[in-house]
Structures are given as structure tokens and as C-alpha cells.
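The values are calculated or read from the model by the stated rules, or taken from the named source; none is laboratory data. Predicted model only: the values in this text are computed from it and were never measured. Because the Cβ atoms are built from the backbone with ideal geometry, glycine has one as well, and the counts that use them run over all protein chains shown. Surface accessibility is based on the protein's heavy atoms, side chains included, excluding ligands, DNA and RNA. Shrake-Rupley method; radii C 1.70, N 1.55, O 1.52, S 1.80 Å.
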Amino acid sequence: MVRHEPDSLAAYPELLALAGKTPEQLLATLPARAAAPSEGAIFLADVLDNPEWFARQLEVPAEARQVERRVLASVIHQNLALDILGPLTTTLFLTGESDLPDPRELWFDPNQASGRWHRCGGGPKVSASTYIRQVTTLVNQWYPTFRTALGVSAGAYWSSSGLGLCAPYSALYDCAPPESLCDEASRWLSRFDCDARRFINWIPFNAGPTPCAIPQRRGCCQKYRLPDGGYCGTCGIYRKQRMASGATV
């Protein structure tokens, strides 16, 4: 059962004001819908319907990059969470309503190294309670495909999902009061009845003159294993040693 916590959307405007930001500023940073999918685009609906086929599509790029197929799948899923769940959740916080992520309208171009996800079309707007309920159902439904069929680890899947769902707070990580931001972000994530809330820890962090609030993931997305990859700033596996050395996040 989803926990009934204080309304995070009602508390967000004050956090936004304390950060010196306006809704319009954050809305301007969100990606626009794609006019049309590119030729050869792979839709999330096809991945979910036929994960074995999708796994075969990953074999050639994985061989060319000399990485494991599951590493590519993990990074592709992380992009899905950040490129789709992130903007949709941020829109919900800034406007009070949002579309739902429809797998038939979500796609990426397998020929582009970035593997960024795009959204075309758009359904009716829903309220926060409906969004929480429906997105919880979706991420739980997508989990077996990425975990069992594509080999993405549970920690990687749920921590990436949690980062996407916490995007409105990540946008204020270096300008809002850290303790308040950490509390509100954790409270918001707890409203989703899925394991994402177990794999993200929000922590205050001071690496210089500006105090920050950082989401620390408890599962590695494996991005650092790509030839053009690197350590993510949210990686709990490597951040402790960087924090100890005083390095930036």
C-alpha cells in the first residue's frame, strides 16, 4: 500500500523559493516532445513485448564496445528513468499535473551512442495521486524485463528509477537548504510502493563554499564500464572515497 505522507507538491513551492528559482525557469530546462521517431527507432513497448529480440539488438553494439550486453541495458534503462520519468515528474511538481509514460510513445535511436530516450504524442493530464499510483504500477511491471531478460541488477534498476522520480529535487541540489531538500525528497520517494525508495539515500554534502543535497544510489548503473563512460556523481559505490578526499561530486 502506498504511504499517505504530507503533500510533497504543496511543500515544493517554498523549497523552490528558498532556492531562488521559479517554475518557469525549471520548465524551460525540460526537453520538448519529439515531433516524430527517427528511422529505426526502438520503442519501449517493443522492448517489453519482446525482450529476447531487444537483447539480440544489443549484442552487436556490445561487441563493438567490448562491454557486456547487460551493461548497455543498464545504461539504457538509466537513460529511460532520467530522460522520461525525470521530466514527467518535474512537470507534475511545477504544474500540478502530468502525462503518464506510455511505452508506445517512448523511443530511442539505437544508432546514437548517447542512447537518449524521447517522447512523442502525449495523453491526458493526471493528478499527483493518479501519477503516483500509475507510475508505481509501471516501474514494477517493467522490472522483470530489465532484471530477468536483460540482466540489469536490482540495485541498478531501482536506484535509476528513484533518480528519475526525484528529479524535481535533484534540480535544486546546490541551491536549496540541504536538510529540507533531503527530507522532502525522501518523503516523496516513500510514496511509491516499489523498491526505488530502498535504493536512494539523500545526504547533505559540503564539498566547497556551497552546501549541497545529493541523492546517493545504492546500485551501480555500470556506466563507468563504457569506453566513453565515467563515474556518476550519484554513485554510492565510489562517492565515499571522493567525499573523504574533498573532491567535488
Quiz item: Do we have any residue at all in segment 140-153 that's buried (at least 20 other Cβ atoms within 10 Å of the Cβ) and either at pLDDT below 90 or within 29 Å of Pro13 (Cβ to Cβ) (or both)?
Solution: no
Quiz prompt | Selection count where residues are under 20 Å from Leu94 (Cβ atoms), in a helix (DSSP H, G or I) and not aliphatic (A, V, I, L, M), scope segment 187-204 | solution = 2
Quiz item: Do any helices (runs of 4 or more DSSP H) lying entirely in segment 33-96 carry at least 3 residues that are in contact with a Pro (Cβ under 9 Å, 6 or more places away or on another chain), over 21 Å from Gly219 (Cα atoms) and open to solvent by less than 30 Å² (accessible area, probe 1.4 Å), and which ones are they?
Solution: 44-49, 86-95
Quiz item: Looking only at segment 192-206, which residues are out of contact with any Pro (no Cβ under 9 Å at 6 or more places or on another chain) and open to solvent by 40 Å² or more (accessible area, probe 1.4 Å)?
Solution: Asp193, Asp195, Arg197, Arg198
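If we scan segment 172-188, do we find a residue that is closer than 18 Å to Gln134 by Cβ and either under 13 Å from the mean Cα position of the chain (by Cα) or open to solvent by less than 20 Å² (accessible area, probe 1.4 Å) (or both)?
So in segment 172-188, the residues closer than 18 Å to Gln134 by Cβ come out as 188.
Applying the additional criterion that residues be either under 13 Å from the mean Cα position of the chain (by Cα) or open to solvent by less than 20 Å² (accessible area, probe 1.4 Å) (or both) yields 188.
Among the residues of segment 172-188, at least one is closer than 18 Å to Gln134 by Cβ and either under 13 Å from the mean Cα position of the chain (by Cα) or open to solvent by less than 20 Å² (accessible area, probe 1.4 Å) (or both), which makes the answer yes.
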Quiz item: Quick one: is Gly162 open to solvent by less than 10 Å² (accessible area, probe 1.4 Å), on the phi > 0 side of the Ramachandran plot and either in a helix (DSSP H, G or I) or touching a strand residue (DSSP E or B) at 6+ places or on another chain (Cβ under 7 Å) (or both)?
Solution: no
Quiz item: Taking the stated definitions as given, is Arg133 in contact with a Phe, Trp or Tyr (Cβ under 8 Å, 6 or more places away or on another chain), touching a residue at least 24 places away in the same chain (Cβ under 8 Å) and surrounded by fewer than 20 Cβ atoms within 10 Å (Cβ to Cβ)?
Solution: no
Quiz item: Which condition number in (1) open to solvent by less than 70 Å² (accessible area, probe 1.4 Å); (2) under 22 Å from the mean Cα position of the chain (by Cα) is the one that Thr29 fails?
Solution: (1)
